[in-house]
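Bear in mind these aren't lab numbers, they're just calculated from the coordinates by the rules spelled out. Keep in mind that this is a model prediction, so the values were computed, not measured. All Cβ positions, even for glycine, are placed from backbone atoms using ideal geometry, and neighbour counts span all protein chains on display.
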Amino acid sequence: SEAKDLEAQAAKFNEQVDFAEILGAKYLRVFLRTPTKVERSKSLDRAASALKPIADYAKSKNVIVVIEPMPRNYSAEGVYLAELAGQMDHPSLRLMPDFGKMKDADPYGGTVAMMPYTDVVSAKSHEFSEDGESREFDYSKLMKSVVDSGFNGIVAIEYEGKELGPVEGVKATRALLENYNHR
């Protein structure tokens, strides 16, 4: 039955919440898998039903579950995730915009929609132009959305490109972000 499946999945996540508590982690990042052939409103209801017991358990452990977009289905849409967070209105369930994961589903509108429910932003990059700008995104527009929302939380830096090494890619992403910090 669907109820037993939800309970089994929640138990798996509760173990991860326990690990986060042991490590002293404030956040536990998760991905939300959404079925492809389910109506949007039904998908939102199912996601909320699945996430509520996990968020309740996380609250009991002083851990915040943050949902990061997946690069497919509804969960790639920041607007969908914002609707879910608004519907749930749970203190231990927040969002984590990830520019790279939303690149095919409007990262700009998705970021704006997610910001009221955001504790952590993932500033991801893949490749850079010769002048140090991102080839995929208008970082100025993305970071303006973050700043204009009044956000003052954590901005995590990620690099998933192939042209630079991991350390060089993170440094290039950081330089890009610092460039927009002064505008």
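The relative contact order of segment 116-182, computed from alpha carbon pairs under 8 Å that lie at least 6 residues apart in sequence, is 41 percent. When each of the peptides 71-79, 145-153 is scored by how many other beta carbons lie within 10 Å of its residues on average, the order from highest to lowest is 71-79, 145-153. Charged neighbours of Ile64, selected by a Cβ distance under 12 Å, balance to +3 (K, R count +1; D, E count -1). The slack between Glu130 and Glu160, meaning 0.36 nm per residue of separation minus the straight C-alpha distance, is 9.0 nm. 222 nm [θ] for the chain, helices only, -39500 (n - 2.57) per DSSP H run of 4+, per residue, to 500? Taken over the chain, the calculation gives -15500 deg cm²/dmol. Within the chain, antiparallel bridges make up roughly 5 percent of the DSSP beta bridges whose residues both belong there. All other residues whose Cβ lies under 14 angstrom from that of Leu95 are scored, Lys and Arg at +1 and Asp and Glu at -1, for a net of -3. Screening the chain for whole DSSP H helices with an alpha carbon extent of at least 20 angstrom along the helix axis and a mean Kyte-Doolittle hydropathy of at least -1.0 yields 2-23, 40-60, 166-181. Taking Lys and Arg as +1 and Asp and Glu as -1, the other residues whose beta-carbon sits under 13 Å from that of Glu39 total +3. Labels on offer are (i) 198; (ii) 125; (iii) 179, and the one holding volume of the Cα convex hull per residue in Å³ computed from this structure is (ii).
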